[in-house]
Amino acid sequence: MEQSTQVHPARILVSSTRKPISYINLAKRFLQEHGEVQLSALGIAVAPMVTVAEILKNRRLAVERKITTSLEALSDDYRVRQKPKMEIVLTKSAEFDAIVAEENEPNAGDFGEYYEDPSNDNERQVTYTD
């Protein structure tokens, strides 16, 4: 089977050294700008990439469109090795725009205002108001 050499315009190369959550905002931006995102990983980075895809799916931001697996030939001075490679293409979900708009609202996730009680010097007391 012949593989395309064209690079996806919304491609994220996932690394095993960064936390999966660090890719979420970039993926959301690509989904917003391009309508889809391609996650790509080699070797041990496949597990974090799957985690990124699952976070996006569980938050109802994306839907799986395509999963591709292959072996990538990597060579150094001494030999050629094959590493597992996986790519996942996610498309923007139907609820994406509404969810992102809700996340971007002022005070989204805010549960009121907090005030410190200055009458008690020994303890820090916080009062919640609605």
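Report the calculated FRET efficiency for residue 59 and residue 13 (r = Cβ-Cβ distance, R0 = 22 Å), to the nearest 0.05. Working shown, then result.
On the way: r = 22 Å, r/R0 = 0.98.
So, using R0 = 22 Å, E works out to roughly 0.50.
For the pairs 28/92; 57/83; 28/83, note any where the Cα-Cα span goes beyond 18 Å.
As for pairs spanning more than 18 Å Cα to Cα, those are 57/83; 28/83.
If each residue's Cβ is checked for other Cβ atoms within 10 Å, how do 75, 40, 16 rank with the fewest at the top? Numbers along the way, then the final one.
Values: 75 8, 40 19, 16 14.
Listed from fewest to most nearby Cβ atoms, that is 75, 16, 40.
Counting only C-alpha contacts under 8 Å and six or more residues apart, can you give the relative contact order of the stretch 23-95 as a whole percent?
This gives 39 percent for the stretch 23-95.
Taking a label point 7 Å from the Cα of residue 71 along the Cα→Cβ vector, which residues of the stretch 33-51 have an amide N closer than 14 Å to it?
Answer for the stretch 33-51: 43.
Every read-out reported here was derived from the displayed coordinates using simple, explicitly stated rules and does not represent laboratory data. Here the structure is a predicted model, which means the values were calculated and not measured. Counting neighbours? That spans all protein chains shown, and the Cβs are built from the backbone with ideal geometry, glycine included.
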